[in-house]
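The values are calculated or read from the model by the stated rules, or taken from the named source; none is laboratory data. Note that the structure is a prediction, hence the values are computed from the model and not measured. Every residue, glycine among them, receives a Cβ derived from its backbone with ideal geometry; neighbour counts consider all protein chains shown.
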Amino acid sequence: RRRTRVHHLQAWKDAGEKWAMLTSYDQMSAEIFDAAGIPVLLVGDSAGNNVLGHETTLPVTLDEMVPMVRAVVRGAPHALVVADLPFGSYEVCDEDAVRAGVRMMKEGPAHAVKLEGGRRSASRIRALVDAGIPVMGHVGFTPQSEHILGGYRVQGRGLAAEDVIADAVAVAEAGAFAVVLEMVPAEVAQGITKQLDIPTVGIGAGPDCDAQVLVWQDMAGLRGGRAPRFVKRYADLRGDLERAARAYAAEVRDGAFPTAAQSFES
Ligand code: KIV
Ligand code: NA
């Protein structure tokens, strides 16, 4: 297997082959997903909610993202590794965006970056692409602007569909190689997927996107509590880990662990 590259994703769209993307924030999950054949790994700023213990993605910094990107790149010999640009690293100007992107590409080294926003981010995307950095866009619900969007809400219902469509088109015209559609009605996502030449990656955007993405702890049932509607759990890692920890602690207490098998002779 060779490393996945941006042009492979385009070829898969052109051939009608769907593919799956997962988030990853550390070496071991990256190794496992790479071995499972996941072609694209996203070091998402969802690390805020899933690794760092924040309630949103907003507090995540570039300095926090870089070591996670490094670990994922080290763990994944075949996947295309996309690094999220965190809130604050690209809002002010195109120059900031390029500086943040260059850092990801140098210090990861990531293979691409992702940033949020459609029409409002078009010049950022163009500047990054001009600097030689492949960009994945992200429109619909954009978690970094949740305070303006009024919380986790579906975007593009009714007349607002035109806004999401215009954002997706702007991302494609700015030179992005793919675009995430988050929490968009399935019909709207289907229309965008047909209209755009570049692949769409859906999360809560129905079955007709060219690809799908989930946060890995959601996909594997590691995160507790109620999952969003768009999540499907393929394992119960939270239950498995808790049972393992309880069994270990119980065996330590009652003397069943360790035995001679786990001990050294003199
Ligand atoms: O940070 C993230 O995990 C994301 C995906 C959900 C698309 O941006
Ligand atoms: Na993100």
Problem - Residue tally, condition touching a Pro at 6+ places or on another chain (Cβ under 6 Å), buried (at least 24 other Cβ atoms within 10 Å of the Cβ) and not in a helix (DSSP H, G or I), over the range 55-78 - result: 1
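Are any of the residues in the range 174-185 more than 16 Å from ligand 1 (Cβ to nearest atom) and either hydroxyl-bearing (Ser, Thr, Tyr) or more than 26 Å from ASN49 (Cβ to Cβ) (or both)?
Pass one, the range 174-185, residues more than 16 Å from ligand 1 (Cβ to nearest atom): 174-175, 185.
Filter once more, so that each one left must be either hydroxyl-bearing (Ser, Thr, Tyr) or more than 26 Å from ASN49 (Cβ to Cβ) (or both): 174-175.
So far as the range 174-185 goes, yes, one or more of its residues are more than 16 Å from ligand 1 (Cβ to nearest atom) and either hydroxyl-bearing (Ser, Thr, Tyr) or more than 26 Å from ASN49 (Cβ to Cβ) (or both).
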Practice task
Kindly list, by first and then second residue, each pair from a residue in the range 129-146 that is in the same structural domain as LEU181 (by TED's automatic domain parsing) to a residue that is hydroxyl-bearing (Ser, Thr, Tyr) and within 12 Å of ligand 2 (Cβ to nearest atom), limited to pairs with Cβ atoms under 9 Å and residues at least 6 apart or on different chains.
Solution key: PRO143/SER46; PRO143/THR56; PRO143/THR57; GLN144/THR56; GLN144/THR57; GLU146/THR56; GLU146/THR57
Practice task
Answer yes or no as to whether PRO109 is more than 15 Å from ligand 1 (Cβ to nearest atom), touching a residue at least 60 places away in the same chain (Cβ under 8 Å), surrounded by fewer than 22 Cβ atoms within 10 Å (Cβ to Cβ) and part of a loop (DSSP other than H, G, I, E, B).
Solution key: no
Fill in the blank from the handout: All conditions in (1) within 27 Å of GLY151 (Cα to Cα); (2) among the β-branched types (Val, Ile, Thr); (3) surrounded by fewer than 16 Cβ atoms within 10 Å (Cβ to Cβ) are true of VAL102 except (1)
Practice task
Keeping to the range 54-78, report how many residues are more than 17 Å from ILE38 (Cα to Cα) and touching a residue at least 40 places away in the same chain (Cβ under 8 Å).
Solution key: 6
Practice task
Examine the range 189-207 for a residue that is modelled with pLDDT under 95, surrounded by fewer than 17 Cβ atoms within 10 Å (Cβ to Cβ) and charged (D, E, K, R), and state whether such a residue exists.
Solution key: no
Problem - Filter pass, ALA11 being in a strand (DSSP E or B) and away from ligand 2 (no atom under 16 Å from the Cβ) - result: no
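Where residues in the range 25-53 are touching a Ser or Thr at 6+ places or on another chain (Cβ under 7 Å) and farther than 15 Å from MET219 by Cβ, which of them is farthest from ligand 2 (Cβ to nearest atom)? It would help to see each step written out before you state the result.
So the first thing to find is which residues in the range 25-53 are touching a Ser or Thr at 6+ places or on another chain (Cβ under 7 Å), and the list is 30, 33, 39-46, 48-49.
Still in the list and also farther than 15 Å from MET219 by Cβ: 39, 43, 45, 48.
Numbers: PRO39: 19, VAL43: 9, ASP45: 4, GLY48: 9 Å.
Step by step, filter the range 25-53, then rank; the result is PRO39.
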Practice task
List every residue pair whose Cβ atoms sit under 6 Å apart, with the two residues 6 or more apart in sequence or on different chains, where the first one lies in the range 225-247 and is free of Cβ contacts under 8 Å to residues at least 40 places away in the same chain and the second, anywhere, is exposed (fewer than 12 other Cβ atoms within 10 Å of the Cβ).
Solution key: ARG238/GLY224
Handout entry: Cβ-Cβ under 8 Å pairs, at least 6 apart or on other chains, the range 154-168 side over 9 Å from PRO185 (Cβ atoms), far side among the hydroxyl-bearing types (Ser, Thr, Tyr)
Key = ALA168/THR200
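Output yes when any residue across the range 25-35 is more than 11 Å from ligand 1 (Cβ to nearest atom), on the phi > 0 side of the Ramachandran plot and without any contact (Cβ under 8 Å) to a residue 60 or more places away in the chain, and no when none is.
Going residue by residue through the range 25-35, those that are more than 11 Å from ligand 1 (Cβ to nearest atom) are 26-35.
The next check asks that each one be on the phi > 0 side of the Ramachandran plot; those that pass are none.
Taking every residue of the range 25-35 in turn, none turns out to be more than 11 Å from ligand 1 (Cβ to nearest atom), on the phi > 0 side of the Ramachandran plot and without any contact (Cβ under 8 Å) to a residue 60 or more places away in the chain.
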Practice task
Please specify each residue of the range 57-83 satisfying the condition of being within 26 Å of ARG120 (Cα to Cα) and touching a Leu at 6+ places or on another chain (Cβ under 7 Å).
Solution key: VAL60, GLU64, VAL81, VAL82
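Taking only the range 25-51 into account, find how many residues are crowded, with 16+ Cβ neighbours inside 10 Å and not in a helix (DSSP H, G or I). Please lay out each step first, then the result.
Step one: of the range 25-51, the residues crowded, with 16+ Cβ neighbours inside 10 Å are 25-27, 29-34, 38-51.
From the residues that got through so far, the ones that are not in a helix (DSSP H, G or I) too are 25-26, 38-46, 51.
Looking only at that region, the number is 12.
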Practice task
May I ask you to say which residue of GLY206, GLY175, GLY151 is assigned to a loop (DSSP other than H, G, I, E, B) and touching a Lys or Arg at 6+ places or on another chain (Cβ under 7 Å)?
Solution key: GLY175
